[in-house]
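Chemist: For reference, the structure I am asking about is given below.
The values are calculated or read from the model by the stated rules, or taken from the named source; none is laboratory data. These numbers come from a predicted model, not from an experiment. Ideal geometry is used to build each Cβ from the backbone, glycine not excepted, and the neighbour counts take in all protein chains shown.
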Amino acid sequence: MRQIPKFHKLVLPLAISAALVACGSDNKGSSAAPTTVAGASSKGIIIGGNVNAYPITDTGMVDKDISLAEPTTTAEDGSYSLTLNGNYVPGTAIYVEITAVDGTLMRCDLAKCGEKNFGDDYILASGFAMSATLPQASGSSVAVNITPLTDIASKLTLQKVAAGANPSAAAAGSNAQVASRLGITGGLIDQPIVDITSADAVNGANQAALEYNLKSAAAVSAALKASTAPSLEDAVANFVTQFSNGGIADREEANTDAVSIQELLQEALALLETVKTVEGVDENSEGVSSSKTSLTTAESTAQESTNTSPTPGEVPADAGSDGLVASKAFVKQVRDLAGAGVMSTNQEAFATQIDLASETVSADSDIVAEALGLGLHAIVGAYELYQDAPDEDKPSSIDVNGITVAISEAAGTITLSVDDNVTVAETEVALELSAADSSVINEEEPVDNTVDGTRTVSETGTATAALTVSGSAASTAVSLTINAGSFSGALSYDSQWTETETQSETGGGYSDTWDDEFTVTNIDAKLNITLAQLNSDNNVGFTGNMALKLGELTGTEVGSYSNSYSFTDWQANSNQEQYTETVTFDGFEISLSGEFSDDDGNAINASLAANIDNYSETCTQASSYSFENGGDYSYECDLNETETDYAMVSLSIVFNLDISGVDDDVKVEFNASRTGLETGQGSLKLNYGGKQLNLNYEGGNTATLSNHNGVTMTLTETEVDEETSLSGDIKHGGTAFATISDDSGAVVIRYVDGSFETVM
């Protein structure tokens, strides 16, 4: 993948090391009251629901005697539009509610909705209601989408107002609070509604939008599982009540009726698998692929969390700021974070160690992982041969491809172990493996024909693997230890080979050709591992959980071998071998969650997930030897990719940083995905104290930076005649409140009120 360009005048000055100097006034500016409140309602898509808007009283009640707009109904896609009337007081909060009336339909966005299936429409129960609260209306049009998640924020808003808070401030704080706690990127009420039952909608959605809608549906799915089979409508109400009355824990120590973050994310991942079965859904689209890795990483993080107590999340201090004030607060947020943006001494040192060790660790990690795979392959092969051996003559050890597997049997369980050395990429790896095997192998009797000295053999079979595994693989640089683990999967194979042997008084020869094909499906491995760098001045290691999944892997190998020999002239002896193997796979997933540490005592907890689809690689080996020409060897591997057909890769990493000058730990989430043969996109999300700072790069020379208040900075780097210039703007609610340029030699932010800030 081509590396993302370094925006030396774009990201680093503003987000990492900027020092902003403010000049001029700090006027708020003004904006006219809007005429339109528009959005959509979904739990899933609600069709024909009644939508109305009401004010909130100072006592925390919704005044339904006063309508702020002419009521309307949602369309086939769940959308609606309200025009505010003269009852609306500018600057006040608006409670937008959807209710079920006769004939209101809901599209099922769960695996099952009572008797209805995913994607089916059904009649929504009378009395169903769901809401969202807009802090204040500004601009000519404002988006307010209604989901179970916005309903939570509305209930929190009413509680806060009843306790004495201003309705507008309470709504802004509650929306930001819920978004932060549930890991929602951006605002809560302006998130795009995606019909996850529609292939076109899913294929067109980006990661943030798809994740939001998956989480919204998953919250209800988790509530349905947590309680004693309530209706879907009751499940929505139960989750809203739980969150608004105490919040949500990262995970539970014991199963209760409450929903945890981990349970919600598990349901979101399961729901995504259902979405992928919809006809026409592109599993390799950026939104689907990136959401998979992002949700997996988040779920791993929640699983490892020590937070088992419910919490509603934090309210950012500047929640609800608007227009010019919000824009200047955004720049201050960037400036404050940049000024404090030096990791603590230990973490900075640790980051250096990780950087120094990464190349060595990653290189030999691949080698020891491959050696581990060879060891497991030998164990499975030995098991097959052991099963084929007569009961009265079971071997105690079997050699498979040069690896010796010791075998013992007790109480119906066969234990296979390896204590051997293997060589991978000219690197020697020590293997110590033990596997208790309960695999089932179904092998057809081989077809063996010999005609005129030529023997042809065909073999087919299937196997279901079920292993409990422990052991290690270690080079001089890296060791990988499986402390405990399980492995399961299915294998089918079809092998054909032909051999011919000739002999005369003066010499002879032998030739062998083969054509093998195998398929591996539904691989699922759960391992507790320790990965450690060895023999460094300050070794870096990882201890935690690893999960591996593989949807389907297909391999083919076509090859030939021949030799000739002479009894009278040994110098005429020769041999040659060549083969071509192709491996393709889909649905490869790997996740790590645990602690990274070094010998100096530095440590950081992190979760990582990666997903690879549509992968295909072909390797060719050729070797020959003769006395006259000597030996020759070649081995080449190439990815089978084109401009339109390439492997899809996505990566997600989550960790916490203790940053000097920032009161709260900063949760860092990085996501990246491949979008073309040599292109990619990525995002970086910082979450702390209820605040967000989100950096998005989608290719080219443009990046965007946004925060929890919906302020967006767009920056573009342009190169003309080897001269680089920077331009951009800062917007809130679709209105530009500042421009950015470096025409004067320094990067200057100019506000609409005439004030400016300079990036030094």
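Chemist: Is it the case that some residue within region 620-630 is under 30 Å from Thr306 (Cβ atoms), in a strand (DSSP E or B) and touching a Ser or Thr at 6+ places or on another chain (Cβ under 7 Å)?
Modeler: No - not one qualifying residue is present in region 620-630.
Chemist: Can you spot a residue in region 486-496 that is among the hydroxyl-bearing types (Ser, Thr, Tyr), closer than 30 Å to Leu534 by Cα and out of contact with any helix residue (DSSP H, G or I) (no Cβ under 6 Å at 6 or more places or on another chain)?
Modeler: Yes, the conditions are met somewhere in region 486-496.
Chemist: Still on this structure, I have one more. Tell me the residue from Thr274, Thr241 that is over 25 Å from the mean Cα position of the chain (by Cα) and part of a helix (DSSP H, G or I), please.
Modeler: Thr241
Chemist: Next question, about the same structure. Tell me whether region 594-604 contains one or more residues that are in the same structural domain as Ser479 (by TED's automatic domain parsing), aliphatic (A, V, I, L, M), under 28 Å from Ala302 (Cα atoms) and modelled with pLDDT of 85 or more.
Modeler: No, because not a single residue in region 594-604 is in the same structural domain as Ser479 (by TED's automatic domain parsing), aliphatic (A, V, I, L, M), under 28 Å from Ala302 (Cα atoms) and modelled with pLDDT of 85 or more.
Chemist: For region 679-760, list the strands (runs of 3 or more DSSP E) that sit wholly inside it and hold at least 1 residues that are under 27 Å from Ser138 (Cβ atoms) and of a type in the set (A, V, I, L, M); which are they?
Modeler: In region 679-760, 680-688, 691-697, 702-707, 711-720, 723-732, 735-741, 747-751 are the strands (runs of 3 or more DSSP E) which contain 1 or more residues that are under 27 Å from Ser138 (Cβ atoms) and of a type in the set (A, V, I, L, M).
Chemist: May I pose another question? Report, by residue number, each residue of region 719-733 that is over 19 Å from Ala703 (Cβ atoms) and either touching a residue at least 12 places away in the same chain (Cβ under 8 Å) or in the same structural domain as Ala137 (by TED's automatic domain parsing) (or both).
Modeler: Across region 719-733, the qualifying residue is only Gly733.
Chemist: If you don't mind, another one. Return the residues of region 82-106 that are among the small types (Gly, Ala, Ser) and loosely packed, with under 15 Cβ neighbours inside 10 Å; say none if nothing qualifies.
Modeler: Gly86, Gly91, Gly103, listed by residue number.
Chemist: Which strands (runs of 3 or more DSSP E) sit wholly inside region 398-441 and have at least 3 residues that are modelled with pLDDT under 90 and in contact with a strand residue (DSSP E or B) (Cβ under 6 Å, 6 or more places away or on another chain)?
Modeler: Fully inside region 398-441 and qualifying: 427-437.
Chemist: Now for a separate question. At pLDDT 90 or above, farther than 14 Å from Leu467 by Cα and either of a type outside the set (Val, Ile, Thr) or in a strand (DSSP E or B) (or both), is that true of Ala371?
Modeler: No.
Chemist: Does region 642-653 include one or more residues that are surrounded by 15 or more Cβ atoms within 10 Å (Cβ to Cβ), among the charged types (D, E, K, R) and not assigned by TED's automatic domain parsing to the domain that holds Asn284?
Modeler: No - not one qualifying residue is present in region 642-653.
Okay, residues lined up against (1) on the phi < 0 side of the Ramachandran plot; (2) of a type in the set (Asp, Glu); (3) in contact (Cβ under 8 Å) with a residue 40 or more places away in the chain:
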| residue | (1), (2), (3) |
| --- | --- |
| Asp448 | yes, yes, no |
| Thr468 | yes, no, no |
| Ser486 | yes, no, yes |
| Glu501 | yes, yes, yes |
| Thr519 | yes, no, no |
| Phe542 | yes, no, yes |
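Chemist: Working carefully through the options Val236, Val220, Val275, find the one that is out of contact with any Leu (no Cβ under 6 Å at 6 or more places or on another chain) and at pLDDT 95 or above.
Modeler: Val275
For every residue, the table says whether it meets (1) more than 30 Å from Asn575 (Cβ to Cβ); (2) surrounded by 15 or more Cβ atoms within 10 Å (Cβ to Cβ).
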residue: Val478; (1), (2): yes, yes
residue: Ser486; (1), (2): yes, no
residue: Gln496; (1), (2): no, yes
residue: Glu501; (1), (2): no, no
residue: Gly507; (1), (2): no, yes
residue: Ile523; (1), (2): yes, yes
residue: Ile529; (1), (2): yes, yes
residue: Leu534; (1), (2): yes, yes
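Chemist: Pick from Ala302, Ala317: which is assigned by TED's automatic domain parsing to the domain that holds Ala172, surrounded by fewer than 19 Cβ atoms within 10 Å (Cβ to Cβ) and either among the hydrophobic types (A, V, I, L, M, F, W, C) or over 25 Å from the mean Cα position of the chain (by Cα) (or both)? Give the steps one after another, and end with the answer.
Modeler: Numbers: Ala302 fails: surrounded by fewer than 19 Cβ atoms within 10 Å (Cβ to Cβ).
Just one listed residue meets the conditions, Ala317.
Chemist: Mind listing just one residue for me: the one in region 681-730 that is touching an Asp or Glu at 6+ places or on another chain (Cβ under 7 Å), more than 25 Å from Val752 (Cα to Cα) and surrounded by fewer than 20 Cβ atoms within 10 Å (Cβ to Cβ) and, of those, modelled with the lowest pLDDT?
Modeler: Looking at residues that are touching an Asp or Glu at 6+ places or on another chain (Cβ under 7 Å), more than 25 Å from Val752 (Cα to Cα) and surrounded by fewer than 20 Cβ atoms within 10 Å (Cβ to Cβ), I get Thr724.
Chemist: Conditions first: (1) at pLDDT 95 or above; (2) over 27 Å from Lys112 (Cβ atoms). Leu214 passes all but one, so which condition is the exception?
Modeler: (2)
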